Amino acid sequence: MIPSSSKNIGGQRKLAFLLLGLLMALIICVALMAAVPPVSRDALTHHLASPKLYLKHGGIHEIPAFKYSYYPMNLDLLYLLALYFKNDILPKYIHFAFALFTGLILYRYLNQRINRHYALFGVLSFLSIPVIVKLSITVYVDLGLIFFSTAALLFFLKWLDSECDLKQLLIAAVFCGLALGTKYNGLLVLVLLALFTPYAYMRRHSAEKAAGVKALGYTAVFVLTALIVFSPWMIRNYVWTNNPLFPLYDTLFNPDSPYP
């Protein structure tokens, strides 16, 4: 007779190998689908076009007729390295890598919180979402935004679990700033986490003296750190257009601007 504990261990191993096999098969399939030149409009007219013009010019420069060139470009600058070697397929794999990085941090988080099987299932579920598969074979920046935003959230949760260790909050803020520098949608991450910071601190430390002041202090540290990381793109746009978030809210900074 085989002990039930041995059967359970054997079953768990089989499940782990099954999930790992499915995960590897999915990654291989996505990698094969990405092995063709980009054809999407945004890739050709924005995410690859701006870096290509920077290479041609010999550095970052203003392109007034190209509104999208004013967007933050953390990932687009990575694509510049591939374009330097005249390769327009490699940027797809750079973008896909951020989906894998997101899966990796999800695995680590779930493995620590639950177990290895739920962690593998979580990664498999994330990478197999149709929109993630579609993004993984295109030259966009959304997967970078997802990675930086997820990392910011997980380190924020780690800050709460560590009894408000400032180091964890600073790391969360850095990732939030990188999300801002990838796509303006990162502003939503900044606002939500900035609003949640004082609420979460007060909920756990309401009995402390000057808890409200400390909560506001942590919030200020988080917001300022994120904005400092994001600041190169704001400074660039302010110098060029007098609007640090151009083309967003341009009528506020430039009432006579033709952009809405």
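Brief remarks follow.
- Any hit, the range 194-209, residues being within 30 Å of residue 69 (Cα to Cα) and at pLDDT 95 or above: yes
- Among the residues of this structure, residue 152 does not count as one that is open to solvent by less than 20 Å² (accessible area, probe 1.4 Å), of a type in the set (Gly, Ala, Ser) and under 29 Å from residue 12 (Cα atoms).
- Residue count, the range 56-83 (criterion: open to solvent by 60 Å² or more (accessible area, probe 1.4 Å) and touching a helix residue (DSSP H, G or I) at 6+ places or on another chain (Cβ under 6 Å)): 4
- Qualifying positions in the range 84-100 - touching a residue at least 60 places away in the same chain (Cβ under 8 Å) and either more than 25 Å from residue 150 (Cβ to Cβ) or open to solvent by 40 Å² or more (accessible area, probe 1.4 Å) (or both): 93, 100
- On the stretch given as the range 114-133, residues that are β-branched (Val, Ile, Thr), open to solvent by less than 50 Å² (accessible area, probe 1.4 Å) and without any contact (Cβ under 8 Å) to a residue 60 or more places away in the chain total 1.
- Of all residues in the range 221-259 being part of a helix (DSSP H, G or I) and in contact with an Asp or Glu (Cβ under 8 Å, 6 or more places away or on another chain), the one that is surrounded by the fewest Cβ atoms within 10 Å (Cβ to Cβ): 240
- Hits in the range 158-185 (condition: in contact (Cβ under 8 Å) with a residue 60 or more places away in the chain, touching a Leu at 6+ places or on another chain (Cβ under 7 Å) and not in a loop (DSSP other than H, G, I, E, B)): 180
- Filtering the range 24-48 to residues that are open to solvent by 20 Å² or more (accessible area, probe 1.4 Å) and among the aliphatic types (A, V, I, L, M) leaves 24, 25, 26, 27, 28, 31, 32, 33, 35, 36, 39, 44.
- Exactly one residue out of 81, 77, 44 is assigned to a helix (DSSP H, G or I), over 30 Å from residue 13 (Cα atoms), under 16 Å from the mean Cα position of the chain (by Cα) and without any contact (Cβ under 8 Å) to a residue 60 or more places away in the chain, and it is 77.
- Scanning the range 171-185 for residues that are open to solvent by 10 Å² or more (accessible area, probe 1.4 Å) and either more than 20 Å from residue 106 (Cα to Cα) or at pLDDT below 95 (or both) yields 183, 184, 185.
- Single unsatisfied condition, residue 136 versus (1) surrounded by fewer than 24 Cβ atoms within 10 Å (Cβ to Cβ); (2) more than 8 Å from the chain's Cα centre (by Cα); (3) modelled with pLDDT of 95 or more: (1)
- So residue 109, is it among the hydroxyl-bearing types (Ser, Thr, Tyr), under 22 Å from residue 134 (Cβ atoms) and touching a residue at least 40 places away in the same chain (Cβ under 8 Å): no
- Pairs are defined by a Cβ separation below 7 Å, a sequence spacing of at least 6 or placement on different chains, a first member in the range 217-246 that is closer than 15 Å to residue 171 by Cβ, and a second member that is open to solvent by 30 Å² or more (accessible area, probe 1.4 Å); the pairs so defined are 225/170; 225/174; 229/174; 229/178.
The values are calculated or read from the model by the stated rules, or taken from the named source; none is laboratory data. All figures in this text were calculated on a predicted structure; none of them were measured in a lab. Neighbour counts run over all protein chains shown; Cβ positions are idealised from the backbone, glycine included. What goes into the accessible areas is simple: the full protein's heavy atoms, side chains included, and nothing from ligands, DNA or RNA. Shrake-Rupley method; radii C 1.70, N 1.55, O 1.52, S 1.80 Å.
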